[in-house]
Amino acid sequence: MKRSAFFIACFMPLAAASAEEVRFTGEATADGDDGVIYEERHVVEGECSNGLFRPARQTVTYVRDDDEEFARKKLSYDESVLRPDVDFQQPDFEEVMDISNEGDDRLKIQWQTPGGDTENFTVDVSDSLVADAGFDHLVRQNWSAVKSGDRVKFDFLAPTRGKAYGFVLEPADDDRIDAAYTVRIKPSGTILGFLVDPILLGYNEQGLLTDYVGLTNIRKDRDTNYTAHIRYTVETTPDCELTR
């Protein structure tokens, strides 16, 4: 049965803010294979306010082993860190995914499919809705729950379907991940649980992502996306905390 691709990171006052950034790189390998499929290069620009980092913009560049860029994603967290604006392009397959957050009341989705069609959706926003890289910030917003092993319920956007589905964030134990904290994101419903594999995430003590295991947004071919283990290396961090 074909699995659905889910695109699959605290608001504080802006007083006494200073510009900061986080840079990290991820190497994606196929399950059971040490060969690198592609590399992700992340730059997150933001600011420190009252001792906490708040992201503003993020750029992700996807490159192959020959250093050739083959995809790019830009995110803006102006409206919400959980529901960023997203501009994702993978020219090899002529695919474009655009998610616009309109006043944090609704998300407008325009998807140019690999088949050449265009799909348009509108999704109403709720406080529990998470989109794209917002999952990373969901983890940090619930850092005390992560550390104590509690479960967190939320809704996760499936942009290629134009719907949000119930998910849960919970502690996990997997020997593929060597991190201070390992968590799992999985559907809360039984039926969707049969169709969508969980995503495993690793975090260090500071709240930085170290591992991602699961379905990615990078296409292997026109019909399937890569499932990969992405191991992250942090290059720069802000001069403030990521979690409370």
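The values are calculated or read from the model by the stated rules, or taken from the named source; none is laboratory data. Predicted model only: the values in this text are computed from it and were never measured. Because the Cβ atoms are built from the backbone with ideal geometry, glycine has one as well, and the counts that use them run over all protein chains shown. Surface accessibility is based on the protein's heavy atoms, side chains included, excluding ligands, DNA and RNA. Shrake-Rupley method; radii C 1.70, N 1.55, O 1.52, S 1.80 Å.
Evaluating residue 155 against the criteria (1) touching a strand residue (DSSP E or B) at 6+ places or on another chain (Cβ under 8 Å); (2) in a loop (DSSP other than H, G, I, E, B); (3) charged (D, E, K, R) leaves one unmet condition, (2).
Residue 179 passes every criterion in (1) open to solvent by 40 Å² or more (accessible area, probe 1.4 Å); (2) in contact with a Phe, Trp or Tyr (Cβ under 7 Å, 6 or more places away or on another chain); (3) more than 29 Å from residue 79 (Cβ to Cβ) apart from (1). Right, residue 101: among the polar types (S, T, N, Q), assigned to a strand (DSSP E or B) and crowded, with 16+ Cβ neighbours inside 10 Å or not? Judged against the criteria, residue 101 is a match. The set of residues in the stretch 141-164 being open to solvent by 30 Å² or more (accessible area, probe 1.4 Å) and either of a type in the set (Lys, Arg) or touching a Gly at 6+ places or on another chain (Cβ under 7 Å) (or both) consists of 147, 151, 153, 155, 161, 163.
Filtered by the rule that a residue be of a type in the set (A, V, I, L, M), surrounded by 17 or more Cβ atoms within 10 Å (Cβ to Cβ) and not in a loop (DSSP other than H, G, I, E, B), the stretch 193-219 gives 199, 200, 201, 209, 213, 215, 218. Being farther than 30 Å from residue 223 by Cβ, among the hydrophobic types (A, V, I, L, M, F, W, C) and at pLDDT 95 or above holds for only one residue in 56, 17, and it is 56.
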